[in-house]
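Note sheet for the following structure.
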Ligand SMILES: Nc1ncnc2c1ncn2[C@@H]1O[C@H](COP(=O)(O)OP(=O)(O)O)[C@@H](O)[C@H]1O
Ligand SMILES: [Mg+2]
C-alpha cells in the first residue's frame, strides 16, 4: 500500500486537477485494487471533479455536507477534536463510493470529500497539539493515518492506494496530510514563483536551507523528535506545458531550473527520495534521475475544462461536442492526444 500526497506550497499549479486525473486513471488501470482519494483542502476542488464536476459534483458535495454528521473530512475531524487522544475508529463511515455519484469513474474509487469547514476547525486542531499529553503533537499528526487504517480494515484489503489532495498553505491540515503520506508528488507550473514554492517545500519538509542559520519549520523539528517521517519525494511534475513553441522553450527552462534544485537535494540527501519500484534502480546520473523523478503534463485547454467541469477523466474523454453547464463545447482530438499520454505515463510510474 502506498500513500501519496499531492502538494506544492503554491495554489493553481494543478494539485486538485492531477489528483482527480491520477486517482481515476490509477483506479481504471488497477481494477482489483481499492483506490482512496482524501481531500484535505477546504476548497474541495478534487472532490467536486470526482463527484461529477461543476453541477452534479457540487450538488453531491452539498448534500454530503448537509448530513449529520457531515459525510466529509470535517465529519471525521470533528470526531477527533471531540476526544483528540482517543482513536474513535469511525473513519470508514465517512467514505463515499464515487461511482455512485459519478458513473464516469471506476467502481473501485472511493473518496473522503473535502469540506470548507476545515478552515474553521483548523484552530481547534492546532489547539489539540498542545498542551495535553507529552506526545499530543504526534497523536494529532496521526489522525489521518488512523483514518486510512480504518478504511483499509473496512475494505479488508491491504492493497489500497491512497491519493491525498492538499491545500497549498502549510496549515495544520496540510501537516496532517503530509504526516500520513509516504510519497510526495509535487506539481508545479512554469513560472518564477513556482521555483520559490518548490524551495519552500524542500525547506519545510526536509529542512533544506538556502541561508545558513535560518530557522527550521516546527513541522520538521517535531517530525524528527516524534519520529514521524515526512513523505519521500516521488516525483515533480511540470504542469500545463503550453503547446506554443516559444512558450514551450521557456517552460522547459523553468522545469530544468526547478530540476536543478531538486537534483541538488538528491545529491546531498538521496534518502529523501523514493526510488520507483517500476523504475530501473537508483539513478546513477542526472538523466536517469530526470527520467525517474521528472514529469511533464501539457495544458489540454478546452479538453481539461470539459474533463473537470463534467467529472470525466481526461483519459476517457472523447472528442466532439459536450454540453457544459447548458453550453455546447467542442473538444478536439489533438488536445486529448497531447495530455492523455502524459497522465498515463505518470500513472504507470505509480506503484
Ligand atoms: N494540465 C492542465 N491543462 C489544462 N488545465 C489545467 C491543467 N492542470 C490544471 N488545470 C486547470 O488549472 C486550474 C488550477 O488547477 P487546480 O488543480 O485547481 O490547482 P491547485 O489545486 O494546485 O490550486 C484549474 O482550473 C484546472 O482545471
Ligand atoms: Mg486545489
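Derivation of every value follows stated rules applied to the coordinates shown; laboratory data play no part. No experiment lies behind these values; they were computed from the predicted model shown. We place every Cβ from the backbone using ideal geometry, glycine too, and count neighbours over all the protein chains shown.
Rank the residues 170, 226 as a footprinting-exposure proxy: fewest other Cβ atoms within 10 Å of their Cβ go first.
In order of increasing Cβ crowding within 10 Å: 226, 170.
Name the most mobile residue of 208, 13, 98, meaning the one with the largest mean-square fluctuation, in a Gaussian network model of the chain with Cα contacts below 10 Å.
Most flexible of the set in this elastic network: 208.
Only helical DSSP H runs with n ≥ 4 go in: add -39500 (n - 2.57) per run for the chain, normalise by residue count and round the 222 nm mean residue ellipticity to 500 deg cm²/dmol.
-14500 deg cm²/dmol
Take residue 321 and residue 261, extend 7 Å from each Cα along the Cα→Cβ direction, and tell me the distance between the two endpoints in nm.
For residue 321 paired with residue 261, the spin-label model returns 4.6 nm.
Neighbouring Cβ atoms within 10 Å as the yardstick, rank 172, 120 fewest first.
Placing the least packed residue first, the sequence is 120, 172.
List the pair-distance distribution P(r) of the stretch 303-343, using every Cα-Cα distance, as the percent of pairs falling in each 5 Å bin from 0 up to the bin containing the longest distance, rounded to whole percents.
6, 27, 38, 20, 7, 2
With springs connecting C-alpha atoms under 10 Å apart, model the chain as a Gaussian network and identify which of 280, 309, 194 has the largest mean-square fluctuation.
Comparing 280, 309, 194 in a Gaussian network model of the chain, the most mobile one is 280.
Based on the inverse mean of 1/r over its pairs of different Cα atoms, what is the Kirkwood hydrodynamic radius of the stretch 187-227, in Å?
11.1
Rg and Dmax in Å for the chain, alpha carbons only: what are they?
That works out to 19.7, 60 Å for Rg and Dmax.
With no solvent and one point per C-alpha, what does the Debye sum give as log10 I(q)/I(0) for the stretch 71-219 at q = 0.08, 0.13, 0.18 Å⁻¹?
Treating every Cα as an identical point scatterer, log10 I(q)/I(0) equals -0.27, -0.69, -1.18.
Taking Cα pairs under 8 Å and at least six residues apart, what relative contact order does the chain come out at, in percent?
This gives 23 percent for the chain.
Order of 292, 330, 54 from fewest to most other C-beta atoms within 10 Å?
Going from sparsest to densest Cβ surroundings: 330, 54, 292.
What is the Cα coordinate range of the stretch 1-122 on the first, second and third principal axes, sorted by size from largest, in whole angstrom?
Principal extents (Cα only, largest first): 39, 32, 29 Å.
In nm, to one decimal, how far is the modelled label at residue 247 from the one at residue 158, with both set 7 Å along Cα→Cβ?
Calculated label separation equals 4.8 nm.
For residue 86, put the label point 7 Å out on the Cα→Cβ axis and report which residues of the stretch 143-161 keep their amide N under 18 Å from it.
Correct set: 143, 146-147.
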